[in-house]
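These notes are about the structure you will find just below.
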Amino acid sequence: MKQILNLILLTVFSIIGSAQNQSQMTINENAPVIKKNEILIKAKPEIIWQTLTEINKWKNWNSSITESEINTILEIGSSFKWKINGSNINSKIQILETNKAFGWTGKAFGAKAIHIWYLEETKNGTIVRVEESMEGWFIKLFKKKMNQTLENDMNYWLKQLKNESEE
């Protein structure tokens, strides 16, 4: 009986610790490439959330993404693969707060990134805020180009997300 109680307590504390860690994850403010942006979308957070978290459908509404695949249920620690602007990225979900925050870490050739979406409902719709940091030897080597690329990609994602969510 004592072993069962210990197992239950260990499980509960693991879940609590995981929830605390996921909500505390932020981008790396010391990374060589950092971008933040936001947009007002005239849709409920639930609509935007569904669009963002249906990873297998990203390529249907964001033409810069040519592949996007998750083969498991959406949960903290789930891995997915995707391709944007010719770059293959392996990502792992780190934040999953329904209708509020969705974030992942990703790795590609010479780079790693932290990407977080935040949704905030307002009387006029939903403010969608996105933040990303990128680091690694490739990012350092091409810092200026990568800053511009990330800014362009982020703006495009936001515009496409708005178009898809407001339909």
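Taking the criterion of being within 16 Å of residue 154 (Cβ to Cβ), crowded, with 17+ Cβ neighbours inside 10 Å and in contact with a helix residue (DSSP H, G or I) (Cβ under 8 Å, 6 or more places away or on another chain), the residues of the stretch 76-92 that qualify are 82, 84.
Only residues that are surrounded by fewer than 22 Cβ atoms within 10 Å (Cβ to Cβ) and in a strand (DSSP E or B) were counted across the stretch 93-103, and they come to 5. Could you please find all residues in the stretch 127-167 being surrounded by fewer than 17 Cβ atoms within 10 Å (Cβ to Cβ), in a strand (DSSP E or B) and of a type in the set (S, T, N, Q)? None - no residue of the stretch 127-167 is surrounded by fewer than 17 Cβ atoms within 10 Å (Cβ to Cβ), in a strand (DSSP E or B) and of a type in the set (S, T, N, Q), so the list stays empty. Find all pairs meeting these conditions: Cβ atoms under 7 angstrom apart; at least six residues apart or on different chains; first residue within the stretch 33-51 and surrounded by 15 or more Cβ atoms within 10 Å (Cβ to Cβ); second residue part of a helix (DSSP H, G or I) and among the β-branched types (Val, Ile, Thr). What qualifies is 33/139; 41/48. The sole residue among 164, 121 that is of a type outside the set (A, V, I, L, M, F, W, C), in contact (Cβ under 8 Å) with a residue 24 or more places away in the chain, more than 26 Å from residue 24 (Cβ to Cβ) and in contact with a helix residue (DSSP H, G or I) (Cβ under 6 Å, 6 or more places away or on another chain) is 164.
Among the residues of the stretch 39-74, those that are more than 13 Å from residue 157 (Cα to Cα) and among the polar types (S, T, N, Q) comprise 50, 53, 56, 66, 68, 71, 72.
Among the conditions (1) among the aliphatic types (A, V, I, L, M); (2) within 30 Å of residue 124 (Cβ to Cβ); (3) at pLDDT below 95; (4) more than 17 Å from the chain's Cα centre (by Cα), the only one that residue 10 does not satisfy is (2). Just one of the numbered conditions (1) part of a strand (DSSP E or B); (2) more than 16 Å from the chain's Cα centre (by Cα) is not true of residue 83: (2). Return yes or no: is residue 71 at pLDDT below 95 and either surrounded by fewer than 16 Cβ atoms within 10 Å (Cβ to Cβ) or touching a Lys or Arg at 6+ places or on another chain (Cβ under 6 Å) (or both)? Spelling it out, residue 71 is indeed at pLDDT below 95 and either surrounded by fewer than 16 Cβ atoms within 10 Å (Cβ to Cβ) or touching a Lys or Arg at 6+ places or on another chain (Cβ under 6 Å) (or both).
The values are calculated or read from the model by the stated rules, or taken from the named source; none is laboratory data. Quick caveat, the model's predicted, so the values are computed rather than measured. In this analysis, Cβ positions are derived from the backbone assuming ideal geometry, glycine residues included, and neighbour counts consider all displayed protein chains.
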